[in-house]
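The next block holds one structure in the form of structure tokens; read it before the comments.
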Amino acid sequence: MTGGWEQLPDGIRAIDTMTAGVTKVTAGYLLDAARPTLVECGPALSVQHVIDGLRDLGMDPGDLAYLVLSHIHLDHAGGAGDVARAFPSATIVVSEIGARHLVDPERLNNSSRRVYGDLMDSVYGDCTPIAPERVRGVGDGERLDLGGGRRLLLLHTPGHAKHHIAAYDDDSGALFVGDSVGVKLPGMTMIRPATPPPDFDLVLAHRTLDRYKALAPKVVYLAHYGAVDPPLEALNEADERLRLWAGTAEAAYAEHAELDHVTDTLARRFADDIDSASEDPDVEARVTLLSGYASNAMGLMRYFDLRAQGRTAN
Ligand SMILES: [Zn+2]
């Protein structure tokens with residue numbers, strides 16, 4: 001089954017990575033330019049959909065110039081090694097903090113296995129190593145020249161993860177935010193924060209949203225899934241929802257410092273984020289996979305614990 005692709009304005013196409021065999025979980029975005037660039041590729045186990053999608057769009061093996069990864073969580077970057085092999089001219093662009101984990105993914109795979117458990121074999125798969133000369137680690141404010149005047153401004157945008165970056169296409173005003181704004185999967189009525197372990201940081205997550213607002217993008221593309229409109233309202237919504245979500249978790253954690261209690265409290269409080277009337281059969285699978293309450297609760301609890309000790313994960 002292929003998820004296919006969707007034409008968006010300004011020479012951007014959304015390619016459905018078909019993560020877990022489910023439609024519209026994680027989007028890859030292909031930017032049409034002299035140096036064609038893909039933003040996100042999804043996990044290794046489903047990446048063949050993306051590679052086939054690129055070929056269907058007429059991309060020969062030598063054509064893809066860049067694969068930009070917002071961060072190295074496996075639902076975004078797991079298939080990067082496979083994309084690198086299928087498109088041998090592509091440079092893999094990632095935060096300088098995350099770059100070494102793509103060259104030697106053993107630690108990334110091991111820690112992912114601890115977080116994902118059995119899903120590692122059924123949904124994600126191992127990230128395969130990429131030759132160091134093919135990986136470009138970038139810092140805040142670097143630009144990627146796509147040719148013909150099209151450039152991507154890369155921003156270090158921690159919060160969801162310490163190695164998170166966003167890519168801003170200043171020509172079209174499109175801002176690709178990975179997970180740093182949250183998720184709004186088809187079937188969800190609101191943007192929901194993405195606050196997973198091991199290095200979610202609430203203060204940095206709000207700061208990143210402020211930075212996006214200052215950019216005043218024309219369109220904001222979430223990895224999970226698609227555009228949120230209008231952009232400034234969406235960024236404000238993300239800010240408010242994050243405050244409410246973290247405040248709810250913090251109050252629950254103060255009552256009972258137990259994962260189950262915090263998880264159940266979030267689940268009760270935010271059940272209405274999911275449109276129960278939706279006829280889309282993939283809604284539940286999508287939300288459970290990408291926006292589970294337990295992993296969000298775990299990330300926040302870890303953040304609260306570190307903060308109580310005067311520390312941060314970043
Ligand atoms: Zn992530």
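The values are calculated or read from the model by the stated rules, or taken from the named source; none is laboratory data. All values reported here derive from a predicted model rather than from experimental measurement. In this analysis, Cβ positions are derived from the backbone assuming ideal geometry, glycine residues included, and neighbour counts consider all displayed protein chains. With ligands, DNA and RNA removed, areas are computed over all heavy atoms of the protein, side chains included. Shrake-Rupley method; radii C 1.70, N 1.55, O 1.52, S 1.80 Å.
The set of residues in segment 45-58 that are open to solvent by 20 Å² or more (accessible area, probe 1.4 Å), farther than 14 Å from G21 by Cβ and touching a helix residue (DSSP H, G or I) at 6+ places or on another chain (Cβ under 9 Å) contains only R55. Quick check on my filter: what residues within segment 65-82 are in contact with a Ser or Thr (Cβ under 7 Å, 6 or more places away or on another chain) and more than 16 Å from the ligand (Cβ to nearest atom)? Result: A65, Y66, G81, D82.
Residue pairs whose Cβ atoms lie under 7 Å apart, sitting 6 or more positions apart in sequence or on different chains, and linking a residue in segment 216-237 that is open to solvent by less than 50 Å² (accessible area, probe 1.4 Å) to a partner that is assigned to a helix (DSSP H, G or I) and within 16 Å of the ligand (Cβ to nearest atom), are A223/H76; H224/L290; L235/L209. Which numbered condition in (1) open to solvent by 10 Å² or more (accessible area, probe 1.4 Å); (2) within 16 Å of the ligand (Cβ to nearest atom) is the only one that M188 fails? All conditions are met except number (2).
V115 satisfies every condition listed in (1) without any contact (Cβ under 8 Å) to a residue 60 or more places away in the chain; (2) within 14 Å of the ligand (Cβ to nearest atom) except (1).
Within segment 122-152, can you find the residues that are touching a Leu at 6+ places or on another chain (Cβ under 8 Å) and part of a strand (DSSP E or B)? Listed by number, the residues that qualify are V135, V138, R143, L144, L146, R150, R151, L152. Please verify whether R211 is more than 16 Å from the chain's Cα centre (by Cα), more than 16 Å from the ligand (Cβ to nearest atom), surrounded by 20 or more Cβ atoms within 10 Å (Cβ to Cβ) and basic (K, R), treating the condition exactly as stated. No, not satisfied. Does L31 count as open to solvent by less than 60 Å² (accessible area, probe 1.4 Å), of a type outside the set (K, R) and touching an Asp or Glu at 6+ places or on another chain (Cβ under 9 Å)? In short, yes.
For segment 168-177, a residue qualifies if it is within 15 Å of the ligand (Cβ to nearest atom) and not in a loop (DSSP other than H, G, I, E, B), and exactly one does: F176. The number of residues in segment 118-154 being surrounded by 14 or more Cβ atoms within 10 Å (Cβ to Cβ) and either within 16 Å of the ligand (Cβ to nearest atom) or among the small types (G, A, S) (or both) comes to 7. Based on what the data block shows, is R100 under 30 Å from A285 (Cα atoms), open to solvent by 10 Å² or more (accessible area, probe 1.4 Å) and free of Cβ contacts under 8 Å to residues at least 40 places away in the same chain? Criteria not met by R100. Modelled with pLDDT under 95 and either of a type in the set (K, R) or more than 28 Å from V39 (Cα to Cα) (or both): does that describe S276? It is true that S276 is modelled with pLDDT under 95 and either of a type in the set (K, R) or more than 28 Å from V39 (Cα to Cα) (or both). Within segment 156-167, the set of residues being open to solvent by 10 Å² or more (accessible area, probe 1.4 Å) and away from the ligand (no atom under 13 Å from the Cβ) comprises just one member, H156.
Scan segment 270-314 for residues that are buried (at least 17 other Cβ atoms within 10 Å of the Cβ), of a type in the set (D, E, K, R) and out of contact with any Pro (no Cβ under 6 Å at 6 or more places or on another chain) and the total you get is 3. Across segment 268-314, the qualifying residues are those that are among the hydroxyl-bearing types (S, T, Y) and closer than 20 Å to G159 by Cβ, and the one among them that is nearest to the chain's Cα centre (by Cα) is S291.
What do you reckon, is G310 without any contact (Cβ under 8 Å) to a residue 60 or more places away in the chain and on the phi > 0 side of the Ramachandran plot? Criteria met by G310.
Selection of segment 116-128 for residues being of a type in the set (V, I, T) and farther than 13 Å from L289 by Cβ yields only T128.
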